[in-house]
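To start, the structure itself, in structure tokens.
The values are calculated or read from the model by the stated rules, or taken from the named source; none is laboratory data. Computed from a predicted model, the values in this text were never measured in an experiment. For neighbour counting, all protein chains shown are included, and Cβ atoms are generated from backbone atoms with ideal geometry for every residue, glycine included. The area values use the complete protein model at the heavy-atom level, side chains included, leaving out ligands, DNA and RNA. Shrake-Rupley method; radii C 1.70, N 1.55, O 1.52, S 1.80 Å.
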Amino acid sequence: MTDQADETGLMRKVADRRTALTILVSGLLLPSGTLKAGVPLHIGLFTEFRRWRIPADIQTVRTSGHSATKIGSAVYERLPVYSDVLEETGFRTRDALGHWWELAEERITPQMCGIVGTPDDHVTFHEWARATRELRREWVIPEGTYTLNGTQALALRTGGRCYGTLLIPKNNSSFRIVFERDLAGTVIKTDGWRPLSRGVRAVGAHNAADKNLFINSTEVLIERDGGASDPYIKQEFLRCGPDGSFSTPLVCSYDDPKAVMVTAHEPSLPIRVEGLRIRRTGSPGGALADRGVVVCERDRATFDDLTVSNDDPTQPLSVMVEIGYCADVTFNRPKIQGANDIANGLGYGLLFATTIGCRINHGRILDCREAVSGRHNVDLHISGGEYSCAIDDHWGDRMRIENVLIACAQGGAAVQYAGHDLLLSNVRQVNGRALLVIRDDTPSLGGAVTLLDSNVFSRGEKGDYYLFSFSSPNGPIRPPRSGSGKILLPDSLTIRGGSIDVDAPTTWIAYLAALAAPHRNWGRVNLSGEWTFKGNSLPVGVILFKDSSRQEERATEIIVDGPINFKTGYAVYVTAADSRDTRAASVRITNLGGGNLRYSPHGVASMSVSGGRLGSIENDDPSEPAGRSSSRFSSIEMTGGFVRPTLGKLRFSDCVFTGSYAVFPNADDVEMVRVRAADKAILPAHVRRLIALS
């Protein structure tokens, strides 16, 4: 009886299997070989899913292609739903029995989502991008050339690898590729937070723990010179830790809590985008892209070997790559060329807008009006690579530029900057009139500014050369206008070492011209290190223009640590706009390799020079009566020239005169202690007498 029951059950199973095979055959679905557990059943095209009757015990199938055989073949898995709620897409559909199937590949290609190779592939690419977003899968773009000319942005949230090339017509100003956040931000309250002041980290933002924050205010950060330009308002992007403290100090002070809005973002999942290659092609037809061709609006995105190029640089483009309102975006070996919309004041290669912690490593950004630019970016680090034209930050904080080559346009500057805190280390500049200038439309640069081991080669420029300048008396580096309000100058300016090879008449290392606006003057200026001045350009170390009526809060301290040989130029040059001693600078020079001094007694409160070699000591305005300036010179080889009698009381100790001084103060204005002459015969009688009295 038991054997008969078992036989009956077995026969029933065989009959059921035959019925299933009959259903498969009648539904035009044939198994490819023997079906094994966990192995997808091979079927026809994705577009033919509606014709297939797939038994319930089959969980995965592999298509022969999406819309054509061998193009977009992929694995699909059965969804545990049986409903009309789901939507038919290029990656999700139903079979003839009404069961839902969805793309199950770990990496999705556009070919899996539609037809490619047409005159315009944007429809398929939008379906592909939607698949990567909804399924949260990485992606691959196979070799080939794809034309994208849609009106909507292509939105991606995951990383992937591109082996092909994307063509975007230049007359399309609306299409772009956007790497967007996983989730939208939420506006949060700041009740109970401590005041948001520059330099503060601990504010008690417990309701923002582990979030990234966009702080936006309606308060004015700085008025922009130039008439119709809108002022910059206070804003920044930063990270909040688990204890409610910010990971880095605030860069703005928000005086009015009611004017502040804070948007909290869940930090984006890290993604990596490899080899994305885009060409803007064709004629612009009068249309210009006012935003980036590639836009990144998510945190922790890494772009390896990104290439964005303009096929015809004579047809201008405005922005290539835009990064905004996010944290920690890195570009490794980006190649960008052809953003040269000079006529509209645009032309940006990489544009950073309200970011923190972004990186550019070994970039190659050429033929752009500005290779790198931005506003409200914090902790931007540029390391290695080659850049044509300027790195120009409209307003930044804590930027670092290291080990880069910058090839400048005629009359241009390698780096233009406004904001706070900047480091340039081992920057090599080819051509141009300045290494670093403060932007004249937002003329303010506070905090610590550091230039280390600069290397400059420039030929054929008109006018002087400036390593660091606020303004210059002749040329495109113009004095700031008076509409900017109070101007900030660096709390500390450190310039160490350099090789300067220019054919300009004068090379100014640290230059500050007269400013026709209230300003907080330089704090400490320090020149040091090993220097090489090639050619016949006259080097000048620090020039300071003292103006008691406009300078506020502090006097400048100037320190020159040798050995620096300024040849026949000036180590320090201080002039004064008035005969008051207010805000007069203090100057300390040690181990000078050579050069002269020129200063106004009302511009310098104290002058201390020790060690090294010194030529002339000149009064900037010989007709000006002496101020309270105190000048001390010790252990110096005086190599010859002149010492102006109108400088007031001078003290020389342990010095040796090896050169001739026909012009020299009389005994009443000079104190000499242990001073000698290597050859008294070369000195006038009154100088020999002063030395003898010492």
Fill in the blank from the handout: Being at pLDDT 90 or above and farther than 24 Å from Val427 by Cα narrows Thr354, Thr314 down to just Thr354
Problem - Any chance Gly432 is closer than 24 Å to Leu512 by Cβ, touching a Gly at 6+ places or on another chain (Cβ under 7 Å) and touching a residue at least 60 places away in the same chain (Cβ under 8 Å) - result: no
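Examine the range 473-491 for a residue that is within 15 Å of Gly541 (Cα to Cα), assigned to a loop (DSSP other than H, G, I, E, B) and at pLDDT below 95, and state whether such a residue exists.
If we filter the range 473-491 for residues that are within 15 Å of Gly541 (Cα to Cα), which is where we start, we get none.
No, every residue in the range 473-491 fails to be within 15 Å of Gly541 (Cα to Cα), assigned to a loop (DSSP other than H, G, I, E, B) and at pLDDT below 95.
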Fill in the blank from the handout: Checked against (1) in contact with a Leu (Cβ under 7 Å, 6 or more places away or on another chain); (2) open to solvent by 50 Å² or more (accessible area, probe 1.4 Å), Ala343 satisfies every condition except (1)
Completion exercise
Within the range 556-574, the residues that are crowded, with 21+ Cβ neighbours inside 10 Å and touching a Lys or Arg at 6+ places or on another chain (Cβ under 8 Å) are Thr556, Ile558, Val560, Tyr570, Val572, Tyr573, Val574
Practice task
Please give the number of the condition Asp578 fails out of (1) under 41 Å from the mean Cα position of the chain (by Cα); (2) closer than 21 Å to Leu527 by Cα; (3) not hydrophobic (A, V, I, L, M, F, W, C).
Solution key: (2)
Practice task
Being open to solvent by 30 Å² or more (accessible area, probe 1.4 Å), hydrophobic (A, V, I, L, M, F, W, C) and under 16 Å from Phe303 (Cα atoms) is the filter here, so list the residues in the range 346-364 that pass it.
Solution key: Leu351
Exercise for the section: Pick out the one residue from Val220, Val187, Val200 that is among the hydrophobic types (A, V, I, L, M, F, W, C) and at pLDDT below 95. Expected result: Val220
Exercise for the section: Sort out for me the strands (runs of 3 or more DSSP E) sitting completely within the range 168-233 that have 3 or more residues that are within 17 Å of Val251 (Cα to Cα) and open to solvent by 30 Å² or more (accessible area, probe 1.4 Å). Expected result: 212-222
Exercise for the section: Confirm whether Asp367 is at pLDDT below 95 and open to solvent by 30 Å² or more (accessible area, probe 1.4 Å). Expected result: yes
Practice task
Select from the range 133-148 the residues that are outside any helix (DSSP H, G or I) and of a type in the set (Asp, Glu) and write down the one among them that is surrounded by the most Cβ atoms within 10 Å (Cβ to Cβ).
Solution key: Glu138
Exercise for the section: Only residues in the range 253-272 that are within 15 Å of Arg239 (Cβ to Cβ) count as the first member; pair them with residues that are open to solvent by less than 20 Å² (accessible area, probe 1.4 Å) and in a helix (DSSP H, G or I), Cβ under 7 angstrom, at least 6 apart or cross-chain, and list the lot. Expected result: Ala264/Ala208
Problem - Sole exception among (1) touching a residue at least 60 places away in the same chain (Cβ under 8 Å); (2) on the phi > 0 side of the Ramachandran plot for Ala413, by number - result: (2)
